[in-house]
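Everything below concerns the one structure shown next.
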Amino acid sequence: MPSLPEKLMGDKARRIVGVKMEIEIEKIEPNPWNPRTTFEDLAMEELIDSIKRFGIMQPICVRPHPSGKGKYQIVYGQRRWIACKKLKLKTIPVKEPIVSISDKEAIDMMGDENIKRQAYSPVELAKYFETRRKILGESSTSACELKARWV
């Protein structure tokens, strides 16, 4: 079985040419583990203004929805997705390739993307580690070790 980095490498030719894959926004569902629950703030308004001016500069990351049915689930990039919905856009660029990843891999990627950018508030960070404990069965010690790697 390929490792997560191998899964995410994708077709180098497509990346070199710069072809972007777009998915209909209505086929995408939010990440159920996102510790961020507030999206109505100045930062969201700034993101919406940026998308109006420049478009989406970084694609969101999705995986095939675990329930199937031709839908996708956000791994990271939920704020960009919400901003595009508010702008009534029909599609959004997504990171290629779209691969099936486990819940653990999805939670790890979401956390890595947001923690390294210091995008979580202390409360959101606590919710993220609580998700790891509940969904992945990790101990508090594991969470502390993980946090230490990111600090």
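Details
- For the residue pairs LYS27/LYS86; LYS95/LYS127; LYS52/LYS104; LYS90/LYS127; LYS86/LYS127; LYS52/LYS90, the alpha carbons lie more than 22 Å apart in LYS95/LYS127; LYS52/LYS104; LYS90/LYS127; LYS86/LYS127.
- Residues ILE56, ILE23 arranged by fewest to most Cβ contacts within 10 Å: ILE23, ILE56
Each value in this text was obtained by applying a stated rule to the coordinates, not by laboratory testing. Keep in mind that this is a model prediction, so the values were computed, not measured. Glycine also receives a Cβ, built like all others from the backbone with ideal geometry; neighbour counts cover every protein chain displayed.
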